[in-house]
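As structure tokens, the structure follows; a few thoughts come after it.
The values are calculated or read from the model by the stated rules, or taken from the named source; none is laboratory data. Because the structure is predicted, anything quoted here is derived from the model rather than measured. Counting neighbours? That spans all protein chains shown, and the Cβs are built from the backbone with ideal geometry, glycine included.
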Amino acid sequence: MSDSEGSPDASELGPEKPAAGDSEAAIGAAPEAGSDATQAGEGRSKSASGPELRGDTVAPGLVLGVVHRKDYDLQRERSQRVPLDSVDLELNRFQKALEESKRQLLDLKSRLVGKVDADDARILDTHLTYLKDSVFIADIENLILNEQMRLEAGITKVINDFDRIFRLVQNETLRQSAVDLRDVGIRVLRNLESEQDRNRGEVSPQEYILVARELSIVDMFNLSNERVMGIATEGGGLTSHAAIFARSMRIPTITNVAGLLDAASEGDFVILDASEGVLRIRPDEVVRQQYLQSDQGEEQDQERIQLPDWAQAVPKTSDGQRVILRSSCGNLPEVEQGSELGLPGVGLYRTELLFLVDREPPSRDTLVNHYAGVIEKAGAEPVTFRLLNVDSSLTVPYLHPEAESNPHLGRVGIRILLAKEAILRRQLRAILLAGARAKGAVRIAVPFATDVSELRRVKEILFEERLELRKGGESFREKIELGTVVETAAACMGVADLARESDFMTVNLDSLVQYLLAADRENGALSFYFEQGLHPFVLRALQQICDACTEQERPLSVFGVLAADPRNTAMLLGIGLREFCLPPASLQEFMAKLTKINLSTAIRAARSAARCSSYSETQSVVQSFRHGYAP
């Protein structure tokens with residue numbers, strides 16, 4: 001809820017304290033007055049410091065070096081034409097660039113063996129597939145043959161056309177496909193650029209800090225597949241395949257740096273402090289020496305990680321109620337980030353990634369290695385794996401050959417896993433094997449369960465898989481806790497039965513709101529249900545879940561976008577939840593809000609709100625507490 005509509009805000013329900021980070025400079029601060037970003041780096045005064053820019057940290061670290069720009073703008077469609085007698089030359093250039101790109105990717109894969117997680121390296125297989133894709137190749141060749149378009153212009157047009165189509169679809173997997181195709185196109189264009197540079201006798205620096213428009217796997221390495229020192233980009237996001245690579249390779253990286261391409265020129269000396277999200281352009285000699293000493297110290301002790309002050313604080317309300325915070329992750333870099341921030345274990349690990357990167361299901365060994373990596377990064381802390389939760393809209397052919405008319409209410413979660421039991425068995429066996437050396441608890445969460453029969457069947461299969469592993473003489477985890485993901489109306493009505501059958505329970509708050517209020521999360525016209533705080537009927541359902549878990553003495557946690565939203569924290573605490581699974585990127589904002597909440601006040605507010613009959617009544621209750629009146 002927005003403040004103008006009387007939304008419940010955690011800060012309204014307890015004593016005010018300064019939020020962590022409120023005084024920090026805005027991301028993308030304007031360059032300092034007097035800097036001249038349009039001149040070449042070597043032509044400036046060496047004593048004058050340049051601007052200090054801020055961005056979002058993708059991979060932490062400190063590095064000093066010179067700028068090498070890669071700012072090819074794919075949004076600027078070029079319409080160059082070539083003479084008819086040059087068409088064959090363009091086609092030959094295309095084939096040569098494709099072959100060189102394939103060679104580079106295969107070479108890069110071999111170089112990365114043992115240096116990055118095997119699952120992350122599989123991203124390169126997707127890029128290789130695009131380089132062989134008949135549609136991609138035919139579209140570019142047709143533009144050259146039929147419109148006499150120059151090769152570079154044809155590649156740009158095809159990438160932009162695919163990008164527009166994919167981004168119209170409300171599906172993160174397809175959006176990532178658009179990004180991967182763009183990366184492949186950029187690789188081909190880089191090879192064409194390199195060919196022109198060699199013809200002109202130009203040579204790129206061997207070691208540099210990359211400055212680019214967007215984050216791309218291509219630009220993390222030069223064309224000889226030597227990794228760059230660091231990366232700063234004007235655009236880009238935190239969840240792309242390129243971001244995964246940057247974290248896995250430990251390349252200091254920041255994105256979303258406003259004004260970067262105007263401020264940084266080729267050859268500029270810069271300091272990239274990715275841990276703080278800062279890029280200092282042309283710093284003076286005093287600043288250089290200070291950072292050179294810091295950089296040397298960091299190289300001598302790379303294993304030492306200094307937690308920021310806000311992450312060192314004990315998570316508790318203003319009146320002393322401690323709260324358990326764990327990671328909610330979907331890939332290994334997020335697990336590592338959560339560990340580095342001091343989060344105790346992985347409260348929920350979404351296992352979909354490996355099933356979405358290929359048209360064939362991942363092998364048992366691939367799953368085992370991946371899950372073992374998650375467990376290893378979590379150390380001695382507990383890890384909860386949520387079983388594969390995929391509906392037919394994600395077009396995974398071995399699960400759903402055809403799209404269902406209503407994917408959200410179709411064969412999703414445990415329904416499709418029980419229908420495709422071989423996939424379920426492979427995943428359960430992989431978790432059993434990966435957990436053999438785990439120091440902390442290993443748990444399995446069953447998604448989209450509607451009654452106890454589904455849990456009992458999973459227990460039966462777990463028993464059978466243990467028996468097979470024992471017969472084969474393989475080492476595996478004997479004790480696996482099995483829990484329920486509460487996210488449907490049926491699960492709410494049968495929560496007492498499910499709690500008795502479960503070792504623990506966790507609430508998928510986003511799905512619970514969607515199914516209780518019959519509001520599609522992907523329908524923009526219904527965003528009100530997800531942006532205006534928690535509906536009183538949702539609070540009643542949460543109260544029932546908390547009561548059932550208390551009665552059965554079952555641990556209970558909550559996860560999801562709505563659970564991480566600080567506007568909902570007070571109500572969730574007030575209704576009885578004490579364990580939150582959060583994306584590591586949300587931790588700082590969540591902690592800042594948590595410390596402002598007075599629990600006893602939040603309990604009164606939540607109970608009163610749960611007794612209301614509509615959103616408007618709930619808002620009246622919150623407004624009353626905001627102004628100090630009891631309802």
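Data table
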item	result
Checking N568 against (1) within 13 Å of A602 (Cα to Cα); (2) over 26 Å from the mean Cα position of the chain (by Cα), the condition it does not meet	(2)
Count of segment 334-343 residues which are touching a residue at least 60 places away in the same chain (Cβ under 8 Å), outside any loop (DSSP other than H, G, I, E, B) and not acidic (D, E)	2
Given (1) exposed (fewer than 15 other Cβ atoms within 10 Å of the Cβ); (2) within 31 Å of the chain's Cα centre (by Cα); (3) free of Cβ contacts under 8 Å to residues at least 40 places away in the same chain, number of the condition L516 does not satisfy	(1)
Some residue of segment 348-369 being part of a strand (DSSP E or B), of a type outside the set (S, T, N, Q) and farther than 30 Å from L128 by Cα	yes
Tally of residues being hydroxyl-bearing (S, T, Y) and crowded, with 19+ Cβ neighbours inside 10 Å across segment 389-425	2
Those strands (runs of 3 or more DSSP E) lying entirely in segment 246-287 with at least 3 residues crowded, with 19+ Cβ neighbours inside 10 Å, within 21 Å of the chain's Cα centre (by Cα) and assigned by TED's automatic domain parsing to the domain that holds T57	253-255
Residue within segment 430-451 that is over 23 Å from T506 (Cα atoms), out of contact with any helix residue (DSSP H, G or I) (no Cβ under 6 Å at 6 or more places or on another chain) and either of a type outside the set (K, R) or outside any helix (DSSP H, G or I) (or both) present	yes
Exclusive hit being under 23 Å from V452 (Cβ atoms), in a loop (DSSP other than H, G, I, E, B) and either of a type outside the set (S, T, Y) or without any contact (Cβ under 8 Å) to a residue 60 or more places away in the chain (or both), set R500, R554, R521, R540	R554
Matching residues, segment 469-483, being surrounded by 14 or more Cβ atoms within 10 Å (Cβ to Cβ) and part of a helix (DSSP H, G or I)	L469
Selection within segment 344-378 - of a type in the set (A, V, I, L, M, F, W, C), in contact with an Asp or Glu (Cβ under 8 Å, 6 or more places away or on another chain) and either without any contact (Cβ under 8 Å) to a residue 40 or more places away in the chain or crowded, with 23+ Cβ neighbours inside 10 Å (or both)	V346
